[in-house]
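Below is one structure, written out as structure tokens, with a few remarks after it.
Laboratory data are not the source of any read-out in this text; all were calculated from the coordinates shown. What you see is a predicted model; the values in this text were computed from it and never measured. Because the Cβ atoms are built from the backbone with ideal geometry, glycine has one as well, and the counts that use them run over all protein chains shown.
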């Protein structure tokens, strides 16, 4: 599933004013009026889904490094492993939809500090299933995160 919003964001990566406006809505599931010109044209009819449009747009404003095919769990798995990262990753996977935007912001800040990009199309899609009863998104992120760790351990 592709998102027209993500395509728009990627096509306008160099627009610093847009990215600044997008950051203003960080953590607010209903965004910020400064974001509206960039996000509202892409909103669907489902009001309950609106949070993921604003969340993905705000995160893109923070760190616009799109890496096709790199899921969020895999990107986080590239960070140097320590107890703090393990706890933060578990904290992220345990988030409710209400908590998720700010927890994602924290993790995106870590990725930004190491310039590790991820696939915004996949993130947008994954967030649409975050509260699925089978938690398959969280399981997939964990598989990608820990797979990287196991590959790193096998190299030693």
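Volume per residue of the convex hull around the Cα atoms, evaluated for the stretch 1-47, comes out as 83 Å³.
Equivalent-ellipsoid semi-axes for the chain (Cα gyration tensor, √(5λ), whole Å, largest first): 26, 17, 14. Among 102, 50, the order by Cβ neighbours within 10 angstrom, fewest to most, reads 102, 50. The length gained on full extension between residue 62 and residue 98, counted as 0.36 nm times the residue separation minus their Cα-Cα distance, comes to 11.0 nm. Which angle from 0 to 90°, rounded to the nearest 10, does the C-alpha axis of helix 83-93 make with the longest principal axis of the chain? With both axes taken from Cα atoms, the answer is about 50 degrees.
Compared with the dominant Cα axis of the chain, that is its longest principal axis, helix 100-113 is turned about 70°. Here r is the Cβ-Cβ distance between residue 87 and residue 13 and R0 is 30 Å; the resulting FRET efficiency, rounded to 0.05, is 0.40. Taking the helices alone, the chain has a mean residue ellipticity at 222 nm of -17500 deg cm²/dmol, built from -39,500 (n - 2.57) per DSSP H run of at least 4 residues and averaged over all its residues.
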